[in-house]
Amino acid sequence: MNNDKAEPDALDAYSAIVTSVAAQLTPRVAALSIRSRAGEAAGSAVVLTGESHLITNSHVVSGGTHGTAEFADGTVARFDVVGRDPLSDIAVIRADRKIPAPPDYGDADNLLVGSLVVAVGNPLGLAGTVTAGVVSALGRSMPARTRTAARLIEDVIQTDAALNPGNSGGALADSHGRIIGISTAVAGFGLGLAVPINATTHRIIHALMHDGRVRRAYLGLVTTPAPLTPGQAERFGQRTAMRIVEVVEDSPAARSGLKAADLVLAVDGAALGSAQSLQKRLFSEAIGQQMEVTVLRNGALVDVIAVPAELSD
């Protein structure tokens, strides 16, 4: 094939994908305006359900309980905050009237570095913005905090699709128009971050819609990934573990006897290789339940019983 012809064909195919995704999603992404004691904030939100729920960032609605959502077709709805979770930067809101139907939602766990993504936002005054790019990194983490707790949002999607001001809470979609992330921050020049839509996020959304908050279990550990030696990897059947950097004083972890420098290999017999694999186990059902933590301490295997408490807001 002639290279001169191949390049325009590729650009035409790229343009067709981006314009198709934009046409699908622009009507389904709202511009938010919310007033709180700190002043007026703006952002975007994506239609979540057929019952007028939308999903946005927790930081977009922080400090407020209601606001207005404006859609590309001119619909203006009042919304109330149903629930927000600062430790995942996810919030669910609900409009007071019928709004456009929700888009399809995908699974960010199926993304690959290099996958085409399209960011759709609706900053106030810009009537919908669309940018396209690729997934530039996966498995990133981003710190999130409340007044009393800190946590890493795991598996954050990094993309080079430019995020315009006000795009926080907007959609990050794959080439089929499926929502695979909620745009959350600008990481630096030419970089954007998005909270992934995956099984963990769906649990958070369910909790917010039904309880208005996410109950989490708390151990009181600060950990960092640590590679195992080849001998240890062969012995335990895994290549990484979590090294305990700090045990919070008077926490469930401290009371259980866990110590700094312990290498956490498994929890309840399941291998533990990342902070996310531990965080996935620390939802409401773990509160008050015994948890067997297997650690490597001075070359010896030690099983410790910890009982997670409820993480306070």
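Per residue, the accessible area of the chain comes to 48 Å² when a 1.4 Å probe rolls over the protein heavy atoms. With only Cα atoms counted, the range 20-71 has Rg and Dmax values of 11.8, 40 Å. In order along the range 279-284, phi translates into HN-Hα couplings of 4, 4, 8, 9, 9, 4 Hz, rounded to whole numbers, per the Karplus curve 6.51 cos²θ - 1.76 cosθ + 1.60 with θ = phi - 60° and x for Gly and Pro. Computed from the C-beta positions of Gln238 and Thr49 and an R0 of 41 Å, the FRET efficiency is 0.55 to the nearest 0.05.
The mean sequence distance of close C-alpha pairs (under 8 Å, at least 6 residues apart), as a share of the length of the range 161-269, puts its relative contact order at 16 percent.
Seen against the Cα atoms of the chain and their longest principal axis, helix 3-25 is set at about 90 degrees. Tally Lys/Arg at +1 and Asp/Glu at -1 over every other residue whose Cβ is under 13 Å from the Cβ of Ala185; what's the total? Once all neighbours under 13 Å are counted, the net charge is 0. Summary of packing: across the peptides 169-176, 91-98, 299-306, the per-residue average of other C-beta atoms within 10 Å ranks them, highest first, as 169-176, 91-98, 299-306. Counting only Cα atoms, the range 164-313 measures 51, 38, 26 Å along its principal axes, largest extent leading.
Once both axes come from the Cα atoms, what is the angle between helix 199-211 and the longest principal axis of the chain, in degrees from 0 to 90, rounded to 10? Value to nearest ten degrees: 80. Kirkwood's formula applied to the C-alpha pairs of the range 257-313 gives a hydrodynamic radius of 12.0 angstrom. List the relative contact order of the chain as a percent without decimals, with contacts defined as Cα pairs under 8 Å and 6+ residues apart. Once normalised by length, the contact order is 14 percent.
Excluding Pro196 itself, what net charge comes from residues whose Cβ is under 9 Å from its Cβ, given Lys and Arg +1 and Asp and Glu -1?
-4
Please state, as a whole number in µm²/s, the translational diffusion coefficient that the Stokes-Einstein equation yields for the range 233-276 at 10 °C and 1.306 mPa s, with Rh defined as the Kirkwood radius across alpha carbon pairs. Result for D is 140 µm²/s. Rg and Dmax of the chain, based on Cα coordinates, read 21.7, 70 Å. Compared with the direct C-alpha span, the chain from Ala199 to Ser20 gains 61.8 nm at full extension, assuming 0.36 nm per residue. Under a 5 Å amide H cut-off, with hydrogens placed 1.01 Å from N, Ile180 pairs with Gly106, Leu172, Ala173, Asp174 among residues at least 5 apart or on other chains.
Mean separation of Cα pairs under 8 Å and 6 or more residues apart, divided by the residue count, gives the range 20-77 a relative contact order of 37 percent.
The values are calculated or read from the model by the stated rules, or taken from the named source; none is laboratory data. All values reported here derive from a predicted model rather than from experimental measurement. Note that we place each Cβ from the backbone using ideal geometry, even for glycine, and neighbour counts take in every protein chain shown. The accessibility values were calculated without ligands, DNA or RNA, using every heavy atom of the protein model including side chains. Shrake-Rupley method; radii C 1.70, N 1.55, O 1.52, S 1.80 Å.
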